[in-house]
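Data first, discussion second: the structure below is written as structure tokens.
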Amino acid sequence: MSRAITFSEYGAPEVLRLSEVTTPEPGPGQVRIRVRAASVNPLDIKIRSGLMAGAVPSRFPVIPGLDAAGVVDAVGEGADAAVGDEVLGATAGGSYGEFALLDRLVAKPRGLSWEVAASLVTVGRTAFRVLRELDVRAGQTLLVHGAAGSVGTVAVQLAVARGITVAGTAGEHDTERVTALGATAVRYGDGWVERVRTAAPQGVDVVFDASGAGVLADSVALTGDSTRVVTIADMSAAQHGVRFSVGTADAADESLAQLVRLAATGELDIPVWRAYPLDQAATAHSDIEARRNKGKVVLLP
């Protein structure tokens, strides 16, 4: 037996409980890790609250969490790892616990912190995937909504490094952070469309909506084509002819390995706002829901 955070009903952060659970055993191709850090993602909160029940129905009790980094302590048949390896990846069966299973993993470089290693998995792969779906290229102009958020921060950095001109919308207190990433910061709120036009007089080629703040109609108008807008956060996407991007489990996806290399060499910054003990998972969720965090939030079992 081991400890993990579980919930047995949808609801507020208080439904999260520290529980005794059966320690998972790795299946073929899987490894079990002793978790050193687990990332808390907005999707975890949507699943816990029941907002995603229609698309991702839960079988209670649920161990939440998508991403983790840790040390391999058991290896399933055919898994490409050894006991003692330091690895990271997306988990199978939840990450908010002392142990987790990985079936698609990447080695953690020695110089990469556990907190950053766990934090870059979902947000990094999401940013990488959407930039690929938008087919945005050097010399073009990209607008990122939610540029100061965890996914937006990665998307801005990846795009700037590729020679793409980036404008990023953000709250008034986050504009300096967006500017520091190499983008032209645009303040959210009434009049944001005109501020974008001023910031990007050459026009906007494509839009990445990581905010879900009701910006799709105006984003389509800015680009002139709904196929040039992708969202990961606005469930009304279909009403605007906009693609809602959802990740797929593709073992051939090399984006995580690339992201790890960039983070390890300092070419990609993943800000970690706060690390909480495992038993404070409810507080971590509350802080994210209240938008207190200025970067990633992680749990340390």
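The values are calculated or read from the model by the stated rules, or taken from the named source; none is laboratory data. This structure is a prediction, so every number in the text was calculated from the model and none was measured. Quick reminder, even Gly has a Cβ in these numbers, built from the backbone with ideal geometry, and neighbours come from all protein chains shown.
Per the conditions (1) touching a residue at least 40 places away in the same chain (Cβ under 8 Å); (2) under 18 Å from G266 (Cβ atoms); (3) out of contact with any helix residue (DSSP H, G or I) (no Cβ under 6 Å at 6 or more places or on another chain); (4) in the same structural domain as T231 (by TED's automatic domain parsing), the sole criterion not satisfied by R162 is (1). Just one of the listed residues (Q239, Q280) is at pLDDT 95 or above and under 19 Å from F208 (Cβ atoms), namely Q239.
Looking at region 263-300, which of its residues are out of contact with any strand residue (DSSP E or B) (no Cβ under 7 Å at 6 or more places or on another chain) and of a type in the set (S, T, N, Q)? Residues satisfying the conditions are T265, Q280, S286. Applying the set (1) surrounded by fewer than 21 Cβ atoms within 10 Å (Cβ to Cβ); (2) out of contact with any strand residue (DSSP E or B) (no Cβ under 7 Å at 6 or more places or on another chain) to L259 leaves exactly one unmet item: (1).
Counting residues in region 133-153 that are in contact (Cβ under 8 Å) with a residue 40 or more places away in the chain, under 21 Å from L43 (Cα atoms), charged (D, E, K, R) and exposed (fewer than 15 other Cβ atoms within 10 Å of the Cβ) gives one or more.
Please verify whether V116 is at negative phi and touching a residue at least 24 places away in the same chain (Cβ under 8 Å), treating the condition exactly as stated. Yes, satisfied.
Looking at region 168-224, which of its residues are without any contact (Cβ under 8 Å) to a residue 40 or more places away in the chain, among the charged types (D, E, K, R) and out of contact with any Asp or Glu (no Cβ under 8 Å at 6 or more places or on another chain)? Matches in region 168-224: E172, E176, D190, E194, R195, R197, D218. Here the strands (runs of 3 or more DSSP E) wholly within region 211-301 that include at least 1 residues being farther than 30 Å from P109 by Cβ and of a type outside the set (F, W, Y) are 229-231. Among the residues of region 115-133, is there at least one that is part of a loop (DSSP other than H, G, I, E, B), in contact with an Asp or Glu (Cβ under 6 Å, 6 or more places away or on another chain) and closer than 25 Å to D269 by Cβ? There is no residue in region 115-133 that is part of a loop (DSSP other than H, G, I, E, B), in contact with an Asp or Glu (Cβ under 6 Å, 6 or more places away or on another chain) and closer than 25 Å to D269 by Cβ.
Looking across region 19-50, the residues that are hydrophobic (A, V, I, L, M, F, W, C) and in contact with a strand residue (DSSP E or B) (Cβ under 6 Å, 6 or more places away or on another chain) come down to V21, V31, I33, V35, A37, A38, V40. On inspection, V130 passes the criterion of being modelled with pLDDT of 95 or more, among the β-branched types (V, I, T), outside the structural domain of K296 (by TED's automatic domain parsing) and in contact with a Ser or Thr (Cβ under 8 Å, 6 or more places away or on another chain).
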